[in-house]
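The values are calculated or read from the model by the stated rules, or taken from the named source; none is laboratory data. Since the model is a prediction, treat every value here as computed from it, not as a measurement. Positions of Cβ are generated from backbone atoms using ideal geometry, with glycine treated the same way; all protein chains shown enter the neighbour counts.
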Amino acid sequence: MRRSAPHAVHPDGTAQPIHGSRHILPSASRSLNPYGYRPIRRLQHHGAAVLDLAFDDRHIVTCSKDVSICVWDRHTGALLRQLRGHAGPVNAVQLRGNTIVSCSGDFRVKLWNVDTGKNIREFVGHTKGLACSQFTEDGRFVASAGNDKIIRIWDANTGECVREIKAHDNLVRSLHIDSVSGRLISGSYDQDIKVFDMATGRQLLDFPKWHASWVLSAKSDYRRIVSTGQDPKILIMDFGANVQGIEMLNSARAVEVEGEYI
């Protein structure tokens, strides 16, 4: 298993998300200059810091400390609607089909119809503020977590909490669902990354103190877990390392370059 950190530089002190595709790189940071990218449009409406964003072919969805969610036309940059319903900062959003999932410091997870702006479901059960929420690929389930250190799995159709996972010793900052393997990857301020079976809640893997500080994000594909932390590093766990016939993501020499922390 390889652990490495490719070059990453963050020019200011913002802790904001970046999501990209071949043709668009939305950013919620104040000063993004990733190797020649230039902004083609600036989306301005929120009254406080933007905390997360998501997008598909039609929409860009942003959420903010101003307790609202904004839905934008991806191609024109026009504000289509502003969604209000949370009573605290909206810390994370994800877009799946025509449905948005959001979570907030008000302890609640909400589902919204992206076309109408209607709040279609609310999940109640967490006892402290939430930091992350994720759909499964088929949209049937939602996972959420935050400051109560518990991951909850919800039935998206009924709103029922079907599973509670006592996961970490500090705030759970990141969740990622690998629907192909049925695994849930979590990252926490306790510096650990853990892998759980979605169906049973059983812990499959534990990487204690993987980062030297808070884990801010952890994503996975079929063979790698890529994580970022406040250390500040990007770390790659490559389960194909030292397996004959597996092409490595980077050179044989592990590279570790630290930028200013996020």
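Among the residues of segment 38-64, the ones that are loosely packed, with under 11 Cβ neighbours inside 10 Å and among the β-branched types (Val, Ile, Thr) come to 1 in all.
Selection of first residues in segment 151-165 that are closer than 13 Å to residue 136 by Cβ and of a type in the set (Gly, Ala, Ser) and of second residues that are modelled with pLDDT of 95 or more and assigned to a strand (DSSP E or B), restricted to Cβ pairs under 7 Å at least 6 apart or on distinct chains, gives the following pairs, ordered by first then second residue: 156/111; 156/141; 156/142. Close contacts from segment 170-198, counting a first residue that is at pLDDT 95 or above and a second that is of a type in the set (Lys, Arg) and buried (at least 20 other Cβ atoms within 10 Å of the Cβ), with Cβ to Cβ under 8 Å and a gap of 6+ residues or different chains, come to 185/194; 186/194; 187/173; 188/173; 188/194; 189/173.
When residues in segment 146-182 are screened for being over 23 Å from residue 233 (Cβ atoms) and of a type outside the set (Gly, Ala, Ser), 20 of them pass.
Can we say residue 213 is within 17 Å of the chain's Cα centre (by Cα), under 19 Å from residue 146 (Cα atoms) and among the hydroxyl-bearing types (Ser, Thr, Tyr)? Step through it out loud before you land on a result.
Numbers: within 17 Å of the chain's Cα centre (by Cα): no; under 19 Å from residue 146 (Cα atoms): yes; among the hydroxyl-bearing types (Ser, Thr, Tyr): yes.
It is false that residue 213 is within 17 Å of the chain's Cα centre (by Cα), under 19 Å from residue 146 (Cα atoms) and among the hydroxyl-bearing types (Ser, Thr, Tyr).
Taking segment 119-160 and the strands (runs of 3 or more DSSP E) fully enclosed by it, the elements with 3 or more residues that are among the small types (Gly, Ala, Ser) and either buried (at least 21 other Cβ atoms within 10 Å of the Cβ) or within 18 Å of the chain's Cα centre (by Cα) (or both) are at 141-146.
Taking segment 62-106 as the region of interest, how many residues are assigned to a strand (DSSP E or B), β-branched (Val, Ile, Thr) and either more than 14 Å from residue 131 (Cβ to Cβ) or over 19 Å from the mean Cα position of the chain (by Cα) (or both)? Give the steps one after another, and end with the answer.
Let us first name the residues in segment 62-106 that are assigned to a strand (DSSP E or B), namely 62-64, 68-73, 79-84, 90-96, 99-104.
Next cut, β-branched (Val, Ile, Thr) only: 62, 69, 71, 90, 93, 99-101.
Now narrow it down to the ones that are either more than 14 Å from residue 131 (Cβ to Cβ) or over 19 Å from the mean Cα position of the chain (by Cα) (or both): 62, 69, 71, 99-100.
Of the residues in that region, 5 qualify.
When segment 75-117 is filtered for residues that are more than 19 Å from residue 150 (Cα to Cα) and without any contact (Cβ under 8 Å) to a residue 24 or more places away in the chain, the ones remaining, listed by number, are 75, 76, 78, 80, 84, 87, 98, 113, 115, 116.
Regarding segment 227-240, can at least one residue be identified that is assigned to a strand (DSSP E or B), closer than 25 Å to residue 53 by Cβ, modelled with pLDDT of 95 or more and among the aliphatic types (A, V, I, L, M)?
Residues of segment 227-240 that are assigned to a strand (DSSP E or B), as a first pass: 227-229, 234-238.
Still in the running and closer than 25 Å to residue 53 by Cβ: 227-229, 234-236.
Okay, now just the ones that are also modelled with pLDDT of 95 or more, so none.
Checked against the condition, which is being assigned to a strand (DSSP E or B), closer than 25 Å to residue 53 by Cβ, modelled with pLDDT of 95 or more and among the aliphatic types (A, V, I, L, M), segment 227-240 yields no hits at all.
Whenever a residue of segment 45-66 is within 15 Å of residue 94 (Cβ to Cβ), its partners that are among the charged types (D, E, K, R) and crowded, with 23+ Cβ neighbours inside 10 Å, lying with C-beta atoms within less than 6 angstrom and at least six residues away or across chains, give the pairs 63/52. Scan (1) in contact with a His (Cβ under 7 Å, 6 or more places away or on another chain); (2) at negative phi for the single condition residue 191 breaks and write down its number. Just one mismatch for residue 191, condition (2). Taken together, the residues in segment 164-209 that are surrounded by fewer than 20 Cβ atoms within 10 Å (Cβ to Cβ), of a type in the set (Lys, Arg) and in a strand (DSSP E or B) amount to 2.
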